[in-house]
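Student: Could you have a look at this structure, given as structure tokens, before my questions?
The values are calculated or read from the model by the stated rules, or taken from the named source; none is laboratory data. Just so you know, these numbers come straight off a predicted model, no measurement behind them. FYI the Cβ positions are ideal-geometry reconstructions off the backbone, even for glycines, and counts take in every protein chain you see.
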Amino acid sequence: MRIKRGALALAAVGFVLWGGAAWAEQPLSAIGWLSQSLASGAQGLPEPPVTLSGLQTDSVSVHPLQGDSVEGLGILPPSVTGLPRALWGRDDVASIAKLLAQDSSQDLPALQAELLTLLLAMSDPPIGAAPGETLFLARVDKLLALGALDQARALLDGAGPARSPEIFRRYFDVALLIGDEDRACQALKSAPGLAPALPTRIFCLARAGDFDTAKLTLDTARALGTVSPQEGALLTRFMEPELDDTGITPIMPTPVTPLIFRIYEAIGEPLPDTALPVAFTYADLSENAGWKAQLEAAERLSRMGSLAPNLLLGLYTQRKPAASGGVWDRVAAFQAFDSALNAKDAAAVDATLPLALVKMKEAGLEVPFATLYAQDLARLPLSPEVAPLALQLFLLSPDYEALTQGFDPKDPQQAFVLALARGALQNMPAPDALDAAIAQAFSAPVVPAQSQAQMDQGRIGQAILAAMAQMRQGQAGDLRAVSEGLSTLRRLGLEDVARKAALQMILLERRL
């Protein structure tokens, strides 16, 4: 690719303008790549929150705020989540935020789904907590870390993007990554109490087509000495990329923020998002990206549990692959199986399922695959050779219990997983150590004293997060943690989550 002149200036400015010392006075965040979209000292508006939601009003409901707090704001009511409204009990919001900041990127899909539910749940703020937004921001940051940008935007819309500088900062970056920059700039324009930083102001003016004002803003900043020569060169290049006709390969700045990511893209030097946090991957779902980039983005987000399986299905079946190898072989195998199943051709399903499942396993997408196809697959008569593969999908699907009722076990391991799916592990022999640890949770549960204390104190959210942390320890080799984590989930009433997690731990080959 031909690189344009000025790239080194861009790379050098990246650290000064969006990273390094520029962050010194900014509030700390679990997300280190947020843009400095507002000028230092910008304040929130004293007026009530402004909600600029792009979602239908009948599809999103928001829990009324207590006082001036957004801490318990959510979009999923207790009737959907199954969680109590008094979710956090009496606790320090900073302590809860610290629990949420733990790395959960490698969690089992069942735990990823429950974490999303917890993050989006309507709840009361922690008892005794002062009005604020610490817990709310921690929840939004966790959604950003998971690449769940639509969900994060729904929460931010509910709070009102102009409510505070830190809320707007996240709102603006989510809009940049989703590709809704104009909406974010309009929100900023409607909130005069939030003073945009120079790059943000110029970016929004240019997006609105007001290049004269953007250039005047930059010229004024130069005259006042509030912009360095390097910053001026970068912003000039953004507004007038045609002025650059030579250049050098740019160096990726650290950190890459959504704003610098979009400016690189605007000047014709897009940064590869595969090396960036998963939230940046969302940008490749845009119709402006190539099909391969869209596919890889959808796969990465699906592994994080942040993308609905139907969106993955739509991309996989969009058109015929024009190449081979890698993702193209996966698409071809997926499409062959999809066509066979849609035609209700049992012989063709027998022929195509083995390869399709192998390819899905290579990508770590067995659970979305099972979610899409298990029910339809259960309606076909399959050969004895393929039936065990279908059983794997039934066990990984949301309907694992119903779809496995007609199966007779062929060996001790199969007998164990079928009993687990049906909730009947009492007196069932455990084929190995992992199975024994799982069986204990379902036959003689052992809940840690700390988790029991959290439940007794009404700190349900904290107990859920603690159980997830134990399951991570279990995946790392601590069998006792497996028993304790599953036992806690069951004691909390999350029987379905516990069974799914146990089945996934066995079937997804995350053996200890």
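Student: Identify all residues within the stretch 221-237 that are surrounded by fewer than 18 Cβ atoms within 10 Å (Cβ to Cβ), touching a residue at least 12 places away in the same chain (Cβ under 8 Å) and not in a helix (DSSP H, G or I); write none if there are none.
Tutor: Result: THR226, SER228.
Student: What are the residue pairs meeting all of these: first residue in the stretch 362-383, first residue at positive phi, second residue crowded, with 20+ Cβ neighbours inside 10 Å, Cβ atoms under 8 Å, and 6 or more apart or on different chains?
Tutor: Cβ pairs passing all conditions: GLY364/ARG303.
Student: Within the stretch 130-144, track down each residue that is of a type in the set (A, V, I, L, M) and surrounded by 21 or more Cβ atoms within 10 Å (Cβ to Cβ). If you could, list the steps in order and put the result at the bottom.
Tutor: Of the residues in the stretch 130-144, the ones of a type in the set (A, V, I, L, M) are 130, 135, 137-138, 140, 143-144.
Scanning the stretch 130-144 gives LEU135, LEU137, ALA138, VAL140, LEU143, LEU144.
Student: Continuing with this model, one more query. Give me the residue from the stretch 289-306 that is without any contact (Cβ under 8 Å) to a residue 12 or more places away in the chain and part of a loop (DSSP other than H, G, I, E, B) and, out of that set, farthest from GLU265 (Cα to Cα).
Tutor: So in the stretch 289-306, the residues without any contact (Cβ under 8 Å) to a residue 12 or more places away in the chain come out as 289-290, 293.
After this cut, where a residue has to be part of a loop (DSSP other than H, G, I, E, B) as well, the list is 289-290.
Details: ALA289: 11, GLY290: 14 Å.
Of everything passing the filter in the stretch 289-306, GLY290 is farthest from GLU265 (Cα to Cα).
Student: Also, I was wondering about something else. Collect the residues in the stretch 184-220 that are in contact with a Phe, Trp or Tyr (Cβ under 8 Å, 6 or more places away or on another chain) and of a type outside the set (S, T, N, Q), keeping them in residue-number order. So that I can check it myself, show each step before the final result.
Tutor: Keep residues of the stretch 184-220 that are in contact with a Phe, Trp or Tyr (Cβ under 8 Å, 6 or more places away or on another chain), which gives 184-185, 187-188, 191, 194, 199-200, 202-203, 205-206.
Selection gives ALA184, CYS185, ALA187, LEU188, ALA191, LEU194, PRO199, ILE202, PHE203, LEU205, ALA206.
Student: Only one of GLY485, GLY474, GLY423, GLY461 is touching a residue at least 60 places away in the same chain (Cβ under 8 Å) and either within 25 Å of SER397 (Cβ to Cβ) or part of a loop (DSSP other than H, G, I, E, B) (or both). Can you tell me which?
Tutor: On the way: GLY485 fails: touching a residue at least 60 places away in the same chain (Cβ under 8 Å); GLY474 fails: touching a residue at least 60 places away in the same chain (Cβ under 8 Å); GLY461 fails: either within 25 Å of SER397 (Cβ to Cβ) or part of a loop (DSSP other than H, G, I, E, B) (or both).
Going through GLY485, GLY474, GLY423, GLY461 in turn, the sole match is GLY423.
Student: Mind listing just one residue for me: the one in the stretch 202-220 that is among the charged types (D, E, K, R) and either touching a helix residue (DSSP H, G or I) at 6+ places or on another chain (Cβ under 6 Å) or part of a loop (DSSP other than H, G, I, E, B) (or both) and, of those, nearest to SER40 (Cα to Cα)? It would help to see each step written out before you state the result.
Tutor: Here is the first cut: in the stretch 202-220, the ones among the charged types (D, E, K, R) are 207, 210, 212, 215, 219.
Okay, now just the ones that are also either touching a helix residue (DSSP H, G or I) at 6+ places or on another chain (Cβ under 6 Å) or part of a loop (DSSP other than H, G, I, E, B) (or both), so 207, 210.
Working: ARG207: 23, ASP210: 24 Å.
That would be ARG207.
Student: So, one more: Going by the structure shown, is SER29 polar (S, T, N, Q), crowded, with 17+ Cβ neighbours inside 10 Å, under 28 Å from THR257 (Cβ atoms) and at pLDDT 85 or above?
Tutor: Working: polar (S, T, N, Q): yes; crowded, with 17+ Cβ neighbours inside 10 Å: yes; under 28 Å from THR257 (Cβ atoms): yes; at pLDDT 85 or above: no.
No: the conditions fail for SER29.
Student: A follow-up question, please. Within the bounds of the stretch 231-251, is there any residue that is modelled with pLDDT of 85 or more and out of contact with any Gly (no Cβ under 6 Å at 6 or more places or on another chain)? So that I can check it myself, show each step before the final result.
Tutor: Filtering the stretch 231-251 for residues modelled with pLDDT of 85 or more gives none.
No, the stretch 231-251 has no match at all.
Student: Can you find a residue that is in the same structural domain as LEU118 (by TED's automatic domain parsing) and either assigned to a loop (DSSP other than H, G, I, E, B) or over 27 Å from the mean Cα position of the chain (by Cα) (or both) anywhere in the stretch 164-172?
Tutor: No - not one qualifying residue is present in the stretch 164-172.
Student: Considering each of ARG262, ARG319, ARG330 in turn, give the residue that is surrounded by fewer than 18 Cβ atoms within 10 Å (Cβ to Cβ) and either in contact with a Phe, Trp or Tyr (Cβ under 9 Å, 6 or more places away or on another chain) or at negative phi (or both).
Tutor: ARG319
Student: Determine, yes or no, whether GLY461 is closer than 30 Å to ALA94 by Cβ, of a type outside the set (S, T, N, Q) and in contact with a Ser or Thr (Cβ under 9 Å, 6 or more places away or on another chain). Break it down stepwise before answering.
Tutor: On the way: closer than 30 Å to ALA94 by Cβ: yes; of a type outside the set (S, T, N, Q): yes; in contact with a Ser or Thr (Cβ under 9 Å, 6 or more places away or on another chain): yes.
Yes: the conditions hold for GLY461.
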